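A.B. asks: Take this structure, written in structure tokens, and hold onto it; I'll ask about it next.
The values are calculated or read from the model by the stated rules, or taken from the named source; none is laboratory data. Note that the coordinates shown come from a computational prediction; the quantities given were computed from them, not determined experimentally. In this analysis, Cβ positions are derived from the backbone assuming ideal geometry, glycine residues included, and neighbour counts consider all displayed protein chains.
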Amino acid sequence: MFQIEQWSKERVHSVTMELLYSFNYMWFLAEEWIKKNCPEDVAREGMLHLTDEFGTYEAKRLEKTVPDDIEGIDRLIRFLEHSHWCAFEDIQITKLSDTSMRMSTINCTSQLAAQKWGMEYYDCGTVALRLRSAFFKRINPAARVTPILTPPDKAADDCPAGTACTWLVSIE
């Protein structure tokens, strides 16, 4: 196990970032392998199941990092701030009300990787919705995630440059 108590902040950050990028890369490769080697319906259902499991498990693990006295949309925001999204993506979080927020990914690493590999875009909308839904529902069963913008949609002119996706997260 890492002796992180003895490491500098910079070293912890550097190692964590490299591990997260490795995880992201392997998820992308695993998804592509499953699509190529499994019947289409099995591949789709398998990826959606894994996505649900990952979102739920990540939120469960993060419960150790978020104080119990934070409630409502502020609780969802705090979990998001501790999540893998904020660890290695440029995530813009906008609190819209006491029951809703907007989550946008700017210069998405998965979209950039897809373009680097010659793809027009990474078709992640369905899986991304399931992942976010499972994550936020673990925190608050009344949480709902609604896609506003997902690839291949183009961002509106009023969105920050490089916006890859935008989600409305609400408590209903």
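A.B. asks: Is it the case, given these coordinates, that Glu71 is more than 22 Å from Glu31 (Cα to Cα), among the charged types (D, E, K, R), surrounded by fewer than 16 Cβ atoms within 10 Å (Cβ to Cβ) and in contact (Cβ under 8 Å) with a residue 40 or more places away in the chain?
C.D. replies: No; evaluated as a whole, the condition is false for this residue.
A.B. asks: Filter region 2-61 down to the residues that are among the polar types (S, T, N, Q) and part of a helix (DSSP H, G or I), then identify the one that is surrounded by the fewest Cβ atoms within 10 Å (Cβ to Cβ).
C.D. replies: Gln6
A.B. asks: Still on this model: So, in region 139-148, of the ones that are assigned to a strand (DSSP E or B) and in contact (Cβ under 8 Å) with a residue 24 or more places away in the chain, which residue ends up farthest from Thr56 (Cα to Cα)?
C.D. replies: Ile148
A.B. asks: Looking at the structure I just gave you, is Leu129 free of Cβ contacts under 8 Å to residues at least 60 places away in the same chain, assigned to a helix (DSSP H, G or I) and within 11 Å of the chain's Cα centre (by Cα)?
C.D. replies: Against the criterion (free of Cβ contacts under 8 Å to residues at least 60 places away in the same chain, assigned to a helix (DSSP H, G or I) and within 11 Å of the chain's Cα centre (by Cα)), Leu129 qualifies.
A.B. asks: If you go through region 107-140, how many residues are basic (Lys, Arg) and either within 14 Å of Ala164 (Cα to Cα) or modelled with pLDDT under 95 (or both)?
C.D. replies: So the count comes out to 1.
A.B. asks: Condition check: free of Cβ contacts under 8 Å to residues at least 60 places away in the same chain, among the polar types (S, T, N, Q) and farther than 24 Å from Tyr25 by Cβ. Does Thr99 satisfy that?
C.D. replies: When the stated conditions are applied, Thr99 does not pass them.
A.B. asks: I need the full set of residues from region 62-83 which are assigned to a helix (DSSP H, G or I), of a type outside the set (Phe, Trp, Tyr) and within 16 Å of the chain's Cα centre (by Cα), in order please.
C.D. replies: Leu62, Leu76, Ile77, Arg78, Leu80, Glu81, His82
A.B. asks: Go through (1) under 26 Å from Ala155 (Cα atoms); (2) in a helix (DSSP H, G or I); (3) not acidic (Asp, Glu) one by one and return the number of the condition Met101 breaks.
C.D. replies: All conditions pass for Met101, except number (2).
A.B. asks: Among the residues of region 85-98, are any outside any helix (DSSP H, G or I), of a type in the set (Gly, Ala, Ser) and loosely packed, with under 11 Cβ neighbours inside 10 Å?
C.D. replies: yes
A.B. asks: Could you figure out which of (1) loosely packed, with under 15 Cβ neighbours inside 10 Å; (2) more than 20 Å from Ser100 (Cβ to Cβ); (3) not β-branched (Val, Ile, Thr) isn't true of Cys124?
C.D. replies: Here Cys124 clears every test but (1).
A.B. asks: All but one of (1) out of contact with any Phe, Trp or Tyr (no Cβ under 8 Å at 6 or more places or on another chain); (2) in a strand (DSSP E or B); (3) surrounded by fewer than 15 Cβ atoms within 10 Å (Cβ to Cβ) hold for Ala164, so report the exception by its number.
C.D. replies: It fails just one condition, (3).
A.B. asks: Of the residues Asp158, Asp153, which single one is without any contact (Cβ under 8 Å) to a residue 24 or more places away in the chain, farther than 14 Å from Phe79 by Cα and out of contact with any helix residue (DSSP H, G or I) (no Cβ under 9 Å at 6 or more places or on another chain)?
C.D. replies: Of the residues listed, the single one that is without any contact (Cβ under 8 Å) to a residue 24 or more places away in the chain, farther than 14 Å from Phe79 by Cα and out of contact with any helix residue (DSSP H, G or I) (no Cβ under 9 Å at 6 or more places or on another chain) is Asp158.
A.B. asks: Select from region 58-87 the residues that are under 15 Å from Ala142 (Cβ atoms) and not β-branched (Val, Ile, Thr) and list them in ascending order.
C.D. replies: The answer is Ala59, Glu71, Gly72, Asp74, Arg75, Leu76, Phe79.
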